[in-house]
Amino acid sequence: MTKKKIIFLRSFYFDSLLFEKLDFQKYIDSKKIETEFWRSNNNIKISDLKVKEIFHKRLSKENELGNKLKKFSNFWELFKLVKTTSKDCYIYDIDFLNRGPFFSLLLKLFGAHLVFHGHSNFPIIKIEKKDIKQKIKKIPIKQYLVFFLKFIRFFSKKILNRLIKPKLDIFFYNGENEKLLSKKISKKGISLFTRDYEQYLIELKNNSPRLVNEEYILFLDQSYPIPFDNYFTNENPVTTEEKYKNAILNFFHSLEKLYNKKIIVALHPNSRREKFFNYESYKGYTNHLVRHSSFVIGHDSLSLQFVALWKKPCLLIYNQDMIDRLTKKKELDWFKDNMNLKTLNIDKFSDQEIISKLSVIGSDFNKNVYDSFIHKFLREKNNNSEQVESKAQLIIDKIINHH
(Lines give C-alpha, C1' and ligand atoms only; values in the text may rest on other atoms or scores of the structure.)
Protein backbone atom coordinates (compact mmCIF):
# COMPACT_ATOMS: atom_id res chain seq x y z
CA MET A 1 0.00 0.00 0.00
CA THR A 2 1.37 3.43 -1.00
CA LYS A 3 2.11 5.69 1.96
CA LYS A 4 -0.04 8.81 1.93
CA LYS A 5 1.52 12.26 1.76
CA ILE A 6 0.47 15.54 3.37
CA ILE A 7 1.60 18.71 1.58
CA PHE A 8 1.55 21.96 3.54
CA LEU A 9 1.06 24.94 1.24
CA ARG A 10 1.57 28.58 2.15
CA SER A 11 2.09 31.94 0.45
CA PHE A 12 4.53 33.07 3.14
CA TYR A 13 7.44 31.60 5.10
CA PHE A 14 7.23 28.40 7.17
CA ASP A 15 8.87 30.18 10.10
CA SER A 16 9.52 28.87 13.62
CA LEU A 17 6.30 30.42 14.96
CA LEU A 18 4.18 28.58 12.37
CA PHE A 19 6.09 25.35 13.12
CA GLU A 20 5.01 25.69 16.73
CA LYS A 21 1.41 26.69 15.97
CA LEU A 22 0.74 23.81 13.55
CA ASP A 23 3.01 21.19 15.16
CA PHE A 24 4.86 20.51 11.89
CA GLN A 25 7.51 18.47 13.68
CA LYS A 26 4.92 15.84 14.66
CA TYR A 27 4.04 15.34 10.96
CA ILE A 28 7.73 15.22 9.96
CA ASP A 29 8.54 12.66 12.69
CA SER A 30 5.52 10.46 11.92
CA LYS A 31 6.36 7.12 10.28
CA LYS A 32 2.75 6.77 9.09
CA ILE A 33 2.78 9.59 6.53
CA GLU A 34 5.14 11.47 4.22
CA THR A 35 5.41 15.27 4.39
CA GLU A 36 6.25 18.02 1.93
CA PHE A 37 6.13 21.82 2.14
CA TRP A 38 5.31 24.19 -0.74
CA ARG A 39 5.48 27.95 -0.64
CA SER A 40 5.52 30.93 -2.95
CA ASN A 41 8.93 32.49 -3.50
CA ASN A 42 7.30 35.91 -4.04
CA ASN A 43 7.09 36.98 -0.41
CA ILE A 44 5.62 40.16 0.98
CA LYS A 45 8.17 42.97 1.11
CA ILE A 46 8.68 44.41 4.58
CA SER A 47 10.36 47.79 4.77
CA ASP A 48 10.73 47.98 8.56
CA LEU A 49 14.27 46.73 9.30
CA LYS A 50 13.49 45.61 12.86
CA VAL A 51 10.50 43.55 11.72
CA LYS A 52 12.57 42.11 8.87
CA GLU A 53 15.22 41.08 11.41
CA ILE A 54 12.62 39.22 13.50
CA PHE A 55 11.41 37.29 10.44
CA HIS A 56 14.95 36.28 9.49
CA LYS A 57 15.58 34.93 13.01
CA ARG A 58 12.42 32.85 12.75
CA LEU A 59 13.41 31.29 9.42
CA SER A 60 15.80 28.78 11.00
CA LYS A 61 13.09 26.09 11.04
CA GLU A 62 12.30 26.52 7.34
CA ASN A 63 16.00 26.20 6.53
CA GLU A 64 16.03 22.80 8.28
CA LEU A 65 13.42 21.39 5.88
CA GLY A 66 15.99 20.66 3.15
CA ASN A 67 14.51 18.87 0.13
CA LYS A 68 11.09 18.65 1.82
CA LEU A 69 10.64 22.34 0.92
CA LYS A 70 9.56 23.18 -2.64
CA LYS A 71 9.33 26.83 -3.75
CA PHE A 72 7.49 28.24 -6.75
CA SER A 73 7.81 31.71 -8.27
CA ASN A 74 5.12 31.60 -10.97
CA PHE A 75 2.13 29.63 -12.27
CA TRP A 76 4.19 27.14 -14.33
CA GLU A 77 6.41 26.21 -11.41
CA LEU A 78 3.32 25.63 -9.26
CA PHE A 79 1.75 23.59 -12.08
CA LYS A 80 4.86 21.34 -12.21
CA LEU A 81 4.50 20.69 -8.47
CA VAL A 82 0.78 19.92 -8.82
CA LYS A 83 1.62 17.42 -11.60
CA THR A 84 3.60 15.37 -9.03
CA THR A 85 0.46 14.81 -6.92
CA SER A 86 -1.99 11.91 -6.96
CA LYS A 87 -5.00 10.59 -5.05
CA ASP A 88 -2.65 9.64 -2.20
CA CYS A 89 -1.72 13.32 -1.66
CA TYR A 90 -3.54 15.58 0.78
CA ILE A 91 -2.86 19.29 0.34
CA TYR A 92 -3.26 21.31 3.54
CA ASP A 93 -3.51 24.84 2.14
CA ILE A 94 -2.93 27.09 5.15
CA ASP A 95 -4.36 30.05 3.21
CA PHE A 96 -7.38 28.14 1.83
CA LEU A 97 -10.01 30.50 3.24
CA ASN A 98 -8.40 33.45 1.42
CA ARG A 99 -7.73 31.66 -1.89
CA GLY A 100 -9.49 32.35 -5.13
CA PRO A 101 -11.44 29.43 -6.65
CA PHE A 102 -9.14 28.83 -9.65
CA PHE A 103 -6.12 28.30 -7.41
CA SER A 104 -7.95 25.61 -5.41
CA LEU A 105 -9.25 23.97 -8.60
CA LEU A 106 -5.67 23.75 -9.89
CA LEU A 107 -4.52 21.94 -6.72
CA LYS A 108 -7.07 19.15 -7.32
CA LEU A 109 -6.28 18.78 -11.02
CA PHE A 110 -4.31 15.50 -10.70
CA GLY A 111 -6.41 13.85 -7.97
CA ALA A 112 -5.04 15.39 -4.77
CA HIS A 113 -7.43 15.94 -1.85
CA LEU A 114 -7.82 19.28 -0.05
CA VAL A 115 -7.78 19.36 3.76
CA PHE A 116 -7.83 22.28 6.18
CA HIS A 117 -7.73 23.11 9.87
CA GLY A 118 -7.38 26.68 11.13
CA HIS A 119 -5.79 27.09 14.55
CA SER A 120 -8.48 29.79 15.13
CA ASN A 121 -10.60 31.35 12.39
CA PHE A 122 -11.84 34.35 14.32
CA PRO A 123 -12.69 37.12 15.06
CA ILE A 124 -15.37 36.95 12.37
CA ILE A 125 -15.70 40.31 10.63
CA LYS A 126 -18.89 41.22 8.77
CA ILE A 127 -18.77 44.42 6.72
CA GLU A 128 -22.23 45.97 6.39
CA LYS A 129 -23.59 48.73 4.12
CA LYS A 130 -23.46 51.31 6.90
CA ASP A 131 -19.76 50.49 7.47
CA ILE A 132 -18.98 51.11 3.79
CA LYS A 133 -20.90 54.41 3.81
CA GLN A 134 -19.08 55.53 6.94
CA LYS A 135 -15.72 54.55 5.46
CA ILE A 136 -16.42 56.45 2.21
CA LYS A 137 -17.19 59.62 4.19
CA LYS A 138 -13.79 59.46 5.90
CA ILE A 139 -11.50 58.73 2.94
CA PRO A 140 -10.08 61.59 0.79
CA ILE A 141 -11.69 62.05 -2.65
CA LYS A 142 -8.44 61.12 -4.43
CA GLN A 143 -8.59 57.64 -2.80
CA TYR A 144 -12.18 56.90 -3.95
CA LEU A 145 -11.05 54.98 -7.03
CA VAL A 146 -8.64 52.78 -5.00
CA PHE A 147 -11.38 52.04 -2.46
CA PHE A 148 -13.91 51.26 -5.22
CA LEU A 149 -11.52 48.82 -6.97
CA LYS A 150 -10.83 47.03 -3.65
CA PHE A 151 -14.56 46.82 -3.04
CA ILE A 152 -15.20 45.32 -6.51
CA ARG A 153 -12.37 42.78 -6.09
CA PHE A 154 -13.65 41.74 -2.66
CA PHE A 155 -17.21 41.05 -3.84
CA SER A 156 -16.16 39.49 -7.16
CA LYS A 157 -14.01 37.00 -5.25
CA LYS A 158 -16.87 36.28 -2.87
CA ILE A 159 -19.29 35.54 -5.72
CA LEU A 160 -16.77 33.36 -7.61
CA ASN A 161 -15.97 31.39 -4.47
CA ARG A 162 -19.64 30.67 -3.92
CA LEU A 163 -20.16 29.55 -7.52
CA ILE A 164 -17.08 27.49 -8.44
CA LYS A 165 -14.64 27.06 -5.52
CA PRO A 166 -14.14 23.31 -4.92
CA LYS A 167 -15.15 21.85 -1.60
CA LEU A 168 -12.58 20.65 0.90
CA ASP A 169 -12.38 16.87 1.11
CA ILE A 170 -11.88 17.12 4.87
CA PHE A 171 -12.47 20.18 7.07
CA PHE A 172 -11.28 19.81 10.67
CA TYR A 173 -13.54 22.34 12.35
CA ASN A 174 -13.35 24.12 15.72
CA GLY A 175 -16.64 24.60 17.54
CA GLU A 176 -20.26 24.75 16.53
CA ASN A 177 -19.90 27.86 14.37
CA GLU A 178 -17.38 26.16 12.08
CA LYS A 179 -19.47 23.00 12.07
CA LEU A 180 -22.14 24.97 10.19
CA LEU A 181 -19.46 26.32 7.84
CA SER A 182 -18.13 22.80 7.22
CA LYS A 183 -21.47 21.77 5.68
CA LYS A 184 -21.09 24.52 3.08
CA ILE A 185 -17.39 24.24 2.17
CA SER A 186 -16.48 20.57 2.68
CA LYS A 187 -17.48 17.02 1.79
CA LYS A 188 -16.60 15.81 5.27
CA GLY A 189 -16.38 17.70 8.55
CA ILE A 190 -14.47 16.33 11.57
CA SER A 191 -14.71 17.94 15.00
CA LEU A 192 -11.41 19.21 16.38
CA PHE A 193 -10.36 22.20 18.51
CA THR A 194 -8.14 25.28 18.40
CA ARG A 195 -4.43 25.20 19.16
CA ASP A 196 -4.98 27.25 22.32
CA TYR A 197 -7.53 24.70 23.54
CA GLU A 198 -4.89 21.99 23.07
CA GLN A 199 -2.42 24.12 25.06
CA TYR A 200 -5.05 24.49 27.78
CA LEU A 201 -5.39 20.67 28.04
CA ILE A 202 -1.60 20.41 28.43
CA GLU A 203 -1.54 23.12 31.13
CA LEU A 204 -4.32 21.31 33.04
CA LYS A 205 -1.80 18.51 33.66
CA ASN A 206 1.02 20.92 34.55
CA ASN A 207 1.93 20.77 38.24
CA SER A 208 5.04 22.95 38.01
CA PRO A 209 5.37 25.95 40.39
CA ARG A 210 3.84 29.30 39.47
CA LEU A 211 6.05 31.73 37.57
CA VAL A 212 4.72 34.60 39.71
CA ASN A 213 3.89 33.85 43.35
CA GLU A 214 2.02 37.02 44.34
CA GLU A 215 -1.36 38.12 42.97
CA TYR A 216 -1.14 40.02 39.70
CA ILE A 217 -3.06 41.63 36.85
CA LEU A 218 -2.08 40.21 33.46
CA PHE A 219 -1.77 42.26 30.27
CA LEU A 220 -1.90 40.40 26.93
CA ASP A 221 0.61 42.19 24.71
CA GLN A 222 -0.07 42.32 20.95
CA SER A 223 3.23 43.88 19.91
CA TYR A 224 1.64 47.33 19.60
CA PRO A 225 2.39 50.01 18.55
CA ILE A 226 3.59 47.93 15.57
CA PRO A 227 1.07 45.09 15.37
CA PHE A 228 2.07 42.74 12.57
CA ASP A 229 -1.34 42.99 10.92
CA ASN A 230 -0.38 46.51 9.81
CA TYR A 231 2.01 44.93 7.33
CA PHE A 232 -0.84 43.07 5.67
CA THR A 233 -3.46 45.85 5.56
CA ASN A 234 -3.32 49.43 4.34
CA GLU A 235 -5.87 50.82 6.76
CA ASN A 236 -5.04 53.94 8.76
CA PRO A 237 -4.48 55.35 11.30
CA VAL A 238 -1.71 53.19 12.75
CA THR A 239 -0.89 53.84 16.40
CA THR A 240 2.42 55.59 17.03
CA GLU A 241 4.99 54.51 19.62
CA GLU A 242 4.68 57.73 21.64
CA LYS A 243 0.87 57.84 21.74
CA TYR A 244 0.52 54.17 22.63
CA LYS A 245 3.24 54.24 25.29
CA ASN A 246 1.84 57.33 27.03
CA ALA A 247 -1.71 55.95 27.08
CA ILE A 248 -0.88 52.40 28.22
CA LEU A 249 1.53 53.54 30.96
CA ASN A 250 -0.95 56.09 32.25
CA PHE A 251 -3.56 53.31 32.43
CA PHE A 252 -1.14 50.88 34.14
CA HIS A 253 -0.19 53.49 36.77
CA SER A 254 -3.87 54.06 37.57
CA LEU A 255 -4.48 50.30 37.92
CA GLU A 256 -1.51 49.86 40.26
CA LYS A 257 -2.59 52.80 42.40
CA LEU A 258 -6.21 51.66 42.65
CA TYR A 259 -5.70 47.91 43.21
CA ASN A 260 -2.24 47.58 44.77
CA LYS A 261 -1.41 44.61 42.52
CA LYS A 262 1.59 44.20 40.28
CA ILE A 263 1.11 44.11 36.52
CA ILE A 264 2.65 41.22 34.57
CA VAL A 265 2.90 41.21 30.78
CA ALA A 266 2.49 38.15 28.54
CA LEU A 267 4.59 39.21 25.55
CA HIS A 268 3.36 38.57 22.01
CA PRO A 269 5.40 35.81 20.26
CA ASN A 270 6.47 38.38 17.63
CA SER A 271 7.56 40.98 20.16
CA ARG A 272 11.13 42.19 19.89
CA ARG A 273 11.05 43.39 23.51
CA GLU A 274 12.47 41.59 26.52
CA LYS A 275 10.37 43.80 28.80
CA PHE A 276 7.20 45.74 28.07
CA PHE A 277 8.16 49.30 29.07
CA ASN A 278 10.09 47.94 32.10
CA TYR A 279 7.20 45.79 33.39
CA GLU A 280 7.93 42.19 34.38
CA SER A 281 7.35 40.26 31.16
CA TYR A 282 7.32 36.66 29.91
CA LYS A 283 7.22 35.18 26.42
CA GLY A 284 5.80 31.71 25.72
CA TYR A 285 3.90 31.38 29.03
CA THR A 286 0.60 33.12 28.24
CA ASN A 287 -1.55 30.07 29.06
CA HIS A 288 0.12 29.58 32.46
CA LEU A 289 0.02 33.30 33.27
CA VAL A 290 -3.71 33.61 32.49
CA ARG A 291 -4.40 30.55 34.66
CA HIS A 292 -2.88 32.13 37.78
CA SER A 293 -3.88 35.78 37.25
CA SER A 294 -6.45 37.77 39.26
CA PHE A 295 -7.87 39.31 36.12
CA VAL A 296 -6.78 40.04 32.56
CA ILE A 297 -6.58 43.13 30.36
CA GLY A 298 -5.98 43.05 26.63
CA HIS A 299 -6.94 44.22 23.13
CA ASP A 300 -8.33 41.82 20.48
CA SER A 301 -5.77 39.09 21.15
CA LEU A 302 -6.45 35.47 20.15
CA SER A 303 -5.09 34.63 23.62
CA LEU A 304 -8.45 35.79 24.98
CA GLN A 305 -9.31 32.12 24.40
CA PHE A 306 -7.36 31.39 27.59
CA VAL A 307 -9.47 33.97 29.45
CA ALA A 308 -12.60 31.98 28.55
CA LEU A 309 -10.98 28.61 29.27
CA TRP A 310 -9.64 29.60 32.71
CA LYS A 311 -12.80 31.66 33.49
CA LYS A 312 -11.01 34.94 34.27
CA PRO A 313 -12.56 38.42 34.57
CA CYS A 314 -11.32 40.57 31.69
CA LEU A 315 -11.32 44.20 30.55
CA LEU A 316 -10.94 44.97 26.83
CA ILE A 317 -8.86 48.11 26.22
CA TYR A 318 -8.11 50.17 23.11
CA ASN A 319 -6.96 53.63 22.08
CA GLN A 320 -8.65 56.04 19.68
CA ASP A 321 -6.47 55.09 16.71
CA MET A 322 -7.54 51.45 17.04
CA ILE A 323 -11.26 52.16 16.89
CA ASP A 324 -10.75 54.64 14.04
CA ARG A 325 -9.65 51.65 11.94
CA LEU A 326 -12.85 49.97 10.74
CA THR A 327 -11.51 46.39 10.78
CA LYS A 328 -9.79 46.81 14.16
CA LYS A 329 -12.95 48.23 15.71
CA LYS A 330 -14.94 45.31 14.27
CA GLU A 331 -12.50 42.83 15.83
CA LEU A 332 -12.68 44.51 19.24
CA ASP A 333 -16.48 44.60 19.06
CA TRP A 334 -16.58 40.91 18.11
CA PHE A 335 -14.73 39.89 21.29
CA LYS A 336 -16.74 42.35 23.39
CA ASP A 337 -20.05 40.92 22.14
CA ASN A 338 -19.16 37.22 22.12
CA MET A 339 -17.40 37.23 25.51
CA ASN A 340 -19.59 39.90 27.13
CA LEU A 341 -16.55 42.06 27.99
CA LYS A 342 -16.48 45.61 29.34
CA THR A 343 -14.32 48.06 27.34
CA LEU A 344 -12.20 51.11 28.13
CA ASN A 345 -10.59 53.77 25.93
CA ILE A 346 -7.11 54.31 27.41
CA ASP A 347 -6.80 57.68 25.64
CA LYS A 348 -9.60 59.13 27.77
CA PHE A 349 -10.62 57.59 31.08
CA SER A 350 -10.90 58.46 34.76
CA ASP A 351 -10.00 56.45 37.85
CA GLN A 352 -13.70 56.35 38.70
CA GLU A 353 -14.47 54.79 35.31
CA ILE A 354 -11.90 52.02 35.94
CA ILE A 355 -13.36 51.33 39.41
CA SER A 356 -16.89 51.30 38.01
CA LYS A 357 -16.12 48.94 35.12
CA LEU A 358 -14.03 46.51 37.18
CA SER A 359 -16.62 46.40 39.98
CA VAL A 360 -19.27 45.49 37.37
CA ILE A 361 -16.96 42.76 36.03
CA GLY A 362 -16.52 41.39 39.54
CA SER A 363 -20.22 41.41 40.43
CA ASP A 364 -21.65 40.41 37.04
CA PHE A 365 -19.12 37.80 35.95
CA ASN A 366 -21.09 35.16 34.03
CA LYS A 367 -18.99 32.06 33.39
CA ASN A 368 -21.78 30.56 31.26
CA VAL A 369 -21.04 33.18 28.60
CA TYR A 370 -17.47 31.88 28.44
CA ASP A 371 -18.74 28.29 28.11
CA SER A 372 -20.93 29.36 25.22
CA PHE A 373 -17.93 31.09 23.56
CA ILE A 374 -15.83 27.91 23.97
CA HIS A 375 -18.47 25.66 22.42
CA LYS A 376 -19.17 28.05 19.54
CA PHE A 377 -15.61 28.83 18.51
CA LEU A 378 -13.02 26.59 20.24
CA ARG A 379 -14.50 23.09 20.63
CA GLU A 380 -18.05 21.85 20.15
CA LYS A 381 -19.84 20.59 23.26
CA ASN A 382 -19.84 16.85 22.47
CA ASN A 383 -16.18 16.72 21.38
CA ASN A 384 -14.29 14.27 23.63
CA SER A 385 -11.07 16.26 23.25
CA GLU A 386 -9.54 15.12 26.54
CA GLN A 387 -9.09 11.67 24.94
CA VAL A 388 -7.11 13.00 21.96
CA GLU A 389 -3.31 12.68 22.12
CA SER A 390 -2.76 15.71 19.86
CA LYS A 391 -4.61 17.42 17.02
CA ALA A 392 -1.69 16.69 14.65
CA GLN A 393 -1.96 12.98 15.42
CA LEU A 394 -5.73 13.03 14.91
CA ILE A 395 -5.32 14.74 11.50
CA ILE A 396 -2.69 12.16 10.46
CA ASP A 397 -4.93 9.24 11.51
CA LYS A 398 -7.98 10.63 9.70
CA ILE A 399 -5.99 11.15 6.47
CA ILE A 400 -4.54 7.62 6.63
CA ASN A 401 -8.05 6.14 7.01
CA HIS A 402 -9.67 8.40 4.41
CA HIS A 403 -10.94 6.70 1.25
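Would you point out the residue of the stretch 241-265, among those that are β-branched (V, I, T) and free of Cβ contacts under 8 Å to residues at least 60 places away in the same chain, that is surrounded by the most Cβ atoms within 10 Å (Cβ to Cβ)?
V265
Just to verify a result, which residue in the stretch 73-121, among those that are touching a Cys at 6+ places or on another chain (Cβ under 9 Å) and surrounded by fewer than 19 Cβ atoms within 10 Å (Cβ to Cβ), is nearest to N42 (Cα to Cα)?
In this case the residue turns out to be F110.
When you scan the stretch 215-229, do you find a residue that is at pLDDT 90 or above and either surrounded by fewer than 15 Cβ atoms within 10 Å (Cβ to Cβ) or under 30 Å from I399 (Cα atoms) (or both), even just one?
yes
Among the residues of the stretch 272-305, how many are closer than 13 Å to F219 by Cβ and touching an Asp or Glu at 6+ places or on another chain (Cβ under 6 Å)?
Result for the stretch 272-305: 2.
So which residues in the stretch 311-344 are of a type in the set (F, W, Y) and closer than 24 Å to I355 by Cβ, if there are any at all?
Residues satisfying the conditions are Y318, F335.
With the condition kept exactly as written, say whether any residue in the stretch 89-103 is assigned to a helix (DSSP H, G or I), among the aliphatic types (A, V, I, L, M), at pLDDT 85 or above and within 24 Å of K3 (Cβ to Cβ).
So far as the stretch 89-103 goes, no, none of its residues is assigned to a helix (DSSP H, G or I), among the aliphatic types (A, V, I, L, M), at pLDDT 85 or above and within 24 Å of K3 (Cβ to Cβ).
Look through the stretch 145-190, keep the residues that are touching a Ser or Thr at 6+ places or on another chain (Cβ under 9 Å) and among the basic types (K, R), and return whichever of them is modelled with the lowest pLDDT.
This residue is K165.
Do any residues in the stretch 292-316 that are outside the structural domain of S120 (by TED's automatic domain parsing) and over 20 Å from K261 (Cα atoms) have Cβ atoms under 8 Å from those of residues that are surrounded by fewer than 20 Cβ atoms within 10 Å (Cβ to Cβ) and among the small types (G, A, S), where the two are at least six apart or on different chains, and which pairs are they?
Filtered contacts from the stretch 292-316: L302/S120; Q305/S120.
Tally the residues that are free of Cβ contacts under 8 Å to residues at least 40 places away in the same chain and either exposed (fewer than 15 other Cβ atoms within 10 Å of the Cβ) or not in a strand (DSSP E or B) (or both), restricting the search to the stretch 339-364.
Qualifying residue count for the region: 13.
Taking the condition of being part of a helix (DSSP H, G or I) and surrounded by 18 or more Cβ atoms within 10 Å (Cβ to Cβ), how many residues in the stretch 266-324 meet it?
Of the residues in that region, 14 qualify.
The values are calculated or read from the model by the stated rules, or taken from the named source; none is laboratory data. Just so you know, these numbers come straight off a predicted model, no measurement behind them. Quick reminder, even Gly has a Cβ in these numbers, built from the backbone with ideal geometry, and neighbours come from all protein chains shown.
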